[in-house]
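The following block contains the structure, expressed as structure tokens.
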Amino acid sequence: MEKSGTQTPLSLAAAEAVRTYAATTRSALGSAESPVISYAGLWLLLASLAPAAETETDEVLGLNRADARAAALGLLEAPHPTIGAAVAGWLRPGVRLTKGLPVVLDPLPDQAGLDAWADEHTRGLIQEFPLEIDAQTLIVLASALVVTPRWSERLGEDEAGLLLEGGFQAVVETEAAGPVAVACPPSEDGISVYSVIAADGVSADDVWRAADEVVRRIDAGEVRNHTFEAQSAGHAWTVQEVTVRGGATADRWRSHLPEWSVEDRHDLSAAPGVAEIARGVMAAVEEETEAVCVQKAVASYDREGFKAAAVTGMMVRAVAAAPRETKVRQIDLRFDRPHAVVAIARGGAWEGIPLFGSWVTPA
């Protein structure tokens with residue numbers, strides 16, 4: 001679990017801002033049980049556009065407009081062996097802007113072009129852009145985030161699924177969820193993938209709070225590998241004496257983990273900060289507009305490693321003007337009694353000839 005690179009004060013602030021934003025957004029959207037979502041991918045897009053906001057962004061993004069933008073650019077430009085990140089923007093040709101936006105706007109491609117961008121910037125994990133453009137689409141803004149760490153050693157297998165015998169394993173007492181079990185396979189790719197399990201009945205929100213708490217304590221050096229903050233067996237662990245070869249005296253730790261693969265799609269239009277940023281972007285267009293924000297995310301966990309990707313898209317569309325209201329007479333005709341129906345020929349020698357007549361008696 002070696003940390004990659006050196007953090008600057010701004011990158012440290014960005015890390016704290018993203019952690020806080022994730023917790024706030026999870027609560028606001030009720031997304032604690034979402035199969036996969038990238039709050040970082042959304043934050044990266046919003047922070048890149050922060051200068052477009054008409055008010056400061058400290059309360060929603062954790063940093064003011066200038067620092068949020070600088071932090072986002074720093075992340076996009078920072079090399080990392082396993083993380084790929086990108087932000088892009090596209091403008092429909094012919095659309096006039098009343099002010100500049102803090103992102104380079106290329107000509108809006110067709111849907112296939114946006115799909116190709118998603119495919120390229122997620123290493124093939126997401127092949128379709130999460131938004132469908134149409135004739136009303138004026139601006140499209142997007143971020144892509146992908147991580148593909150490999151375990152230093154392939155995980156083993158047992159009757160339950162995957163077996164981890166190295167890496168980081170611990171039982172930690174938390175304020176949010178009581179005792180939790182934690183497992184993280186070893187990787188040299190600068191990514192730690194923690195699995196955290198709490199007792200049955202603990203809410204997903206509290207499990208996420210516990211996970212945040214555990215990671216903070218690990219980063220602070222308060223929780224080390226093979227920490228056992230429990231007195232005996234618990235909700236997700238057993239304790240027993242076993243005989244091992246070689247005279248080893250250290251405890252033997254093993255984690256039994258599932259292999260899994262998921263994907264999800266999220267409407268993020270109501271996420272914190274989206275409305276504030278979207279209003280600033282929409283103000284750059286002369287027409288009356290509306291904005292939507294959607295994310296598509298995928299993730300998988302297997303013997304070889306972990307893969308996850310997200311594409312977050314914000315689209316500004318022209319809104320058709322509401323029809324002008326006026327008052328007119330309304331006349332209703334009701335054929336609810338017996339009546340006649342006649343078919344009249346039109347044109348040529350047959351002009352005006354009644355061809356068929358029928359007397360209709362409504363049921």
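For the stretch 168-187, which residues satisfy the criterion of being open to solvent by 20 Å² or more (accessible area, probe 1.4 Å) and without any contact (Cβ under 8 Å) to a residue 60 or more places away in the chain?
Glu173, Glu175, Ala176, Pro179
Okay, next question. Have a look at Ala72, Ala86 and point out the one that is outside any loop (DSSP other than H, G, I, E, B) and modelled with pLDDT of 95 or more. Walk me through how you get there before you give the answer.
Details: Ala72 fails: modelled with pLDDT of 95 or more.
So the residue among Ala72, Ala86 that is outside any loop (DSSP other than H, G, I, E, B) and modelled with pLDDT of 95 or more is Ala86.
Another question, then. Any residue in the stretch 96-119 that is within 18 Å of Ala318 (Cβ to Cβ) and in contact (Cβ under 8 Å) with a residue 12 or more places away in the chain sitting within a Cβ distance under 6 Å of a residue that is surrounded by 15 or more Cβ atoms within 10 Å (Cβ to Cβ) and not hydrophobic (A, V, I, L, M, F, W, C)? List the pairs, counting only those 6 or more apart or interchain.
From the stretch 96-119, the pairs are Leu105/Gly89; Leu108/Arg92.
Within the stretch 52-93, track down each residue that is within 27 Å of Glu287 (Cα to Cα) and surrounded by fewer than 17 Cβ atoms within 10 Å (Cβ to Cβ).
Hits for the stretch 52-93 are Glu54, Thr55, Glu56, Pro93.
Also, I was wondering about something else. Of all residues being part of a loop (DSSP other than H, G, I, E, B) and of a type in the set (Gly, Ala, Ser) in the stretch 29-57, which is nearest to Arg209 (Cα to Cα)? Just the residue, please.
Applying the first criterion (part of a loop (DSSP other than H, G, I, E, B)) to the stretch 29-57 yields 30-38, 49, 53-57.
Going one step further and asking which of them are of a type in the set (Gly, Ala, Ser), we end up with 30-32, 34, 38, 53.
Numbers: Gly30: 14, Ser31: 13, Ala32: 10, Ser34: 15, Ser38: 16, Ala53: 30 Å.
The residue in question is Ala32.
Please find, within the stretch 303-333, the residue that is nearest to Ala47 (Cα to Cα) out of those that are open to solvent by 50 Å² or more (accessible area, probe 1.4 Å) and at pLDDT 95 or above.
Glu304
Moving to a separate point now. Would you confirm whether any residue within the stretch 220-231 is under 26 Å from the mean Cα position of the chain (by Cα), surrounded by fewer than 20 Cβ atoms within 10 Å (Cβ to Cβ), under 30 Å from Pro79 (Cβ atoms) and modelled with pLDDT of 90 or more?
Within the stretch 220-231, the first condition is being under 26 Å from the mean Cα position of the chain (by Cα), and the residues that meet it are none.
Taking every residue of the stretch 220-231 in turn, none turns out to be under 26 Å from the mean Cα position of the chain (by Cα), surrounded by fewer than 20 Cβ atoms within 10 Å (Cβ to Cβ), under 30 Å from Pro79 (Cβ atoms) and modelled with pLDDT of 90 or more.
Tell me, yes or no, whether the stretch 235-249 has at least one residue that is charged (D, E, K, R), at pLDDT 90 or above, more than 27 Å from Ala78 (Cα to Cα) and in a loop (DSSP other than H, G, I, E, B). Show your work before the answer.
Within the stretch 235-249, the subset charged (D, E, K, R) is 241, 245.
Checking the rest, the ones that are also at pLDDT 90 or above come to none.
No, the stretch 235-249 contains no residue that is charged (D, E, K, R), at pLDDT 90 or above, more than 27 Å from Ala78 (Cα to Cα) and in a loop (DSSP other than H, G, I, E, B).
One line per residue, one yes/no per condition, for (1) under 15 Å from Leu45 (Cβ atoms); (2) free of Cβ contacts under 8 Å to residues at least 40 places away in the same chain:
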{"residue": "Val244", "(1), (2)": "no, yes"}
{"residue": "Trp260", "(1), (2)": "no, no"}
{"residue": "Ala283", "(1), (2)": "no, no"}
{"residue": "Ala291", "(1), (2)": "yes, yes"}
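Confirm whether Ala211 is touching a Gly at 6+ places or on another chain (Cβ under 7 Å), in contact (Cβ under 8 Å) with a residue 12 or more places away in the chain, crowded, with 19+ Cβ neighbours inside 10 Å and at negative phi. Walk me through it before giving the result.
On the way: touching a Gly at 6+ places or on another chain (Cβ under 7 Å): no; in contact (Cβ under 8 Å) with a residue 12 or more places away in the chain: yes; crowded, with 19+ Cβ neighbours inside 10 Å: yes; at negative phi: yes.
When the stated conditions are applied, Ala211 does not pass them.
Search the stretch 48-72 for residues that are at positive phi and pair each with any residue that is of a type in the set (Ser, Thr, Tyr) and at pLDDT 95 or above when their beta-carbon atoms are under 9 Å apart and the residues are at least 6 apart or on different chains.
These pairs meet every condition: Gly62/Thr24.
Follow-up. Which of the following residues is under 25 Å from Ala52 (Cα atoms) and open to solvent by 30 Å² or more (accessible area, probe 1.4 Å): Leu114, Leu105, Leu138?
Numbers: Leu114 fails: open to solvent by 30 Å² or more (accessible area, probe 1.4 Å); Leu138 fails: open to solvent by 30 Å² or more (accessible area, probe 1.4 Å).
Exactly one residue qualifies, and that residue is Leu105.
Follow-up question, since we're still on this one. Pick out, from the stretch 101-168, the strands (runs of 3 or more DSSP E) lying fully within it that include 2 or more residues that are touching a strand residue (DSSP E or B) at 6+ places or on another chain (Cβ under 9 Å), within 23 Å of Arg265 (Cα to Cα) and modelled with pLDDT under 95. Break it down stepwise before answering.
Numbers: elements: 105-107, 137-147, 156-158, 161-164.
Strands (runs of 3 or more DSSP E) meeting the threshold: 137-147.
Residues being among the aromatic types (Phe, Trp, Tyr) and touching an Asp or Glu at 6+ places or on another chain (Cβ under 6 Å): count how many of those fall in the stretch 93-132. Even if it seems obvious, please write down each step before you answer.
Going through the stretch 93-132, the residues among the aromatic types (Phe, Trp, Tyr) turn out to be 117, 129.
In the following step, the residues that additionally are touching an Asp or Glu at 6+ places or on another chain (Cβ under 6 Å) were identified as 129.
Counting residues in the stretch 93-132 that are among the aromatic types (Phe, Trp, Tyr) and touching an Asp or Glu at 6+ places or on another chain (Cβ under 6 Å) gives 1.
I'm trying to understand the selection: among the residues of the stretch 2-28, which are hydrophobic (A, V, I, L, M, F, W, C) and either part of a loop (DSSP other than H, G, I, E, B) or modelled with pLDDT of 95 or more (or both)?
Taking the stretch 2-28 and keeping what is hydrophobic (A, V, I, L, M, F, W, C), we get 10, 12-15, 17-18, 22-23, 28.
Listed by number, the list holds a single entry, Ala28.
The values are calculated or read from the model by the stated rules, or taken from the named source; none is laboratory data. All values derive from a computational prediction rather than experimental measurement. No Cβ is skipped: glycine too gets one built from the backbone with ideal geometry, and neighbour counts run over all protein chains shown. For accessibility, only protein heavy atoms count, side chains too; no ligands or nucleic acids. Shrake-Rupley method; radii C 1.70, N 1.55, O 1.52, S 1.80 Å.
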